[in-house]
Ligand SMILES: Cc1cc2nc3c(=O)[nH]c(=O)nc-3n(C[C@H](O)[C@H](O)[C@H](O)COP(=O)(O)OP(=O)(O)OC[C@H]3O[C@@H](n4cnc5c(N)ncnc54)[C@H](O)[C@@H]3O)c2cc1C
């Protein structure tokens with residue numbers, strides 16, 4: 001199918017983008033990598049009167065260390081994150097997750113900010129932001145707001161972003177020598193959106209996990225933190241008995257929505273499989289830290 005008619009402006013400043021958003025409201029859409037938006041236009045799932053192309057805004061590009069956080073600009077592509085030495089060193093969870101996003105051609109064009117703003121519950125970046133306690137930076141007519149990832153992803157494709165705001169980037173805390181991370185997902189074919197996925201972040205104090213963050217994708221309207229499983233693990237070494245309790249706790253944490261490929265019970269089972277797998281992987285990370 002062909003997209004409906006729309007007007008197009010390639011803006012030369014963030015202020016111009018904000019002004020156009022203010023004038024056109026819900027009739028306007030930001031265009032970043034176009035990997036989702038253009039498909040929805042062609043399928044006529046969305047009929048905006050105006051596309052505001054922000055790809056010329058250099059201030060939304062770049063990956064930089066700023067104090068204790070790694071800042072990633074909204075227009076940084078999935079592939080740039082995948083291949084960034086800064087990301088590999090300071091946010092290894094993102095480096096592990098990046099190759100799971102779609103196919104190379106899509107990773108070359110799709111953006112960090114686009115994925116965060118679109119908030120697909122099966123997308124990798126929102127899930128990683130939850131596991132890392134990241135912060136989303138948005139700019140509106142009144143200035144910049146910093147929104148914790150926990151508060152940003154509110155419902156299916158629904159975020160705390162206001163119609164007159166633009167995602168300008170997001171930050172994650174830099175990894176310390178005591179942190180372990182793991183990411184994996186289960187998809188029918190590589191490059192498909194996953195049936196279920198898991199981002200895991202563990203802070204080790206010797207053999208004990210002093211903090212644990214577990215975030216699932218593909219099992220709810222938003223990425224989901226598994227609080228009961230986290231509690232079962234926090235303050236413990238990951239013995240077989242502790243892992244069993246944590247996996248059992250997912251029954252309380254998750255109420256997965258069925259999708260075209262899997263029912264709720266299958267998704268809950270797959271979530272348990274992923275948790276067991278990644279807890280074992282972070283044990284390996286801990287051993288490497290101690291070596
Ligand atoms: C076949 C296929 C498979 C895919 N598989 C995956 C996958 O496995 N995992 C995954 O995570 N993604 C997947 N994607 C989506 C891809 O990652 C997109 O790149 C991403 O979701 C959107 O980024 P974009 O830059 O292309 O945004 P666009 O398509 O340009 O925009 C998407 C939406 O976000 C809004 N938006 C974009 N940037 C901003 C901003 N800075 N501020 C405010 N609003 C903004 C737009 O207005 C639009 O509503 C897939 C896409 C395709 C076509």
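Values for this structure:
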| quantity | calculated |
| --- | --- |
| Computed over the chain: relative contact order in percent, which uses C-alpha pairs under 8 Å that are six or more apart | 14 percent |
| Burial order of peptide ranges 213-220, 81-88 (average beta-carbon count within 10 Å, highest first) | 213-220, 81-88 |
| Sum of -39500 (n - 2.57) over DSSP H runs of 4+, divided by residues of the chain (222 nm, nearest 500) | -10500 deg cm²/dmol |
| Gained length - residue 269 relative to residue 252, 0.36 nm times residue gap less alpha-carbon distance | 4.8 nm |
| Sorted peptide list for 58-67, 222-231, criterion being average Cβ within 10 angstrom, highest first | 222-231, 58-67 |
| Linear extension gain, residue 39 paired with residue 155, 0.36 nm per residue minus alpha-carbon span | 39.6 nm |
| Cα long-axis angle, helix 240-253 against the chain (0 to 90 degrees, to the nearest 10) | 40 degrees |
| Reduced Cα scattering model of segment 59-173, Debye log10 I(q)/I(0), q = 0.10, 0.17 Å⁻¹ | -0.25, -0.75 |
| Neighbour-count ranking [beta-carbon atoms within 10 angstrom, fewest first] of 204, 112, 125 | 204, 112, 125 |
| Chain lengthening between residue 10 and residue 53 when straightened (0.36 nm per residue, less Cα-Cα) | 15.0 nm |
| Pairwise label distance in nanometres, residue 65 with residue 19, each label 7 Å out on the Cα-Cβ vector | 3.9 nm |
| Equivalent ellipsoid dimensions for the chain as semi-axes, Å, which come from the Cα gyration tensor, largest first | 34, 21, 16 |
| Segment 1-98 - convex hull of the alpha-carbon atoms, volume per residue in Å³ | 121 Å³ |
| Projected-area average for segment 179-290 over all orientations - Cα convex hull basis, square nanometres | 6.6 nm² |
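No value in this document is a laboratory result; all are computed from the given coordinates. Since we're looking at a predicted model, the values are computed, not measured. Every residue, glycine as well, gets a Cβ built from its backbone with ideal geometry; the counts of neighbours run over all protein chains shown.
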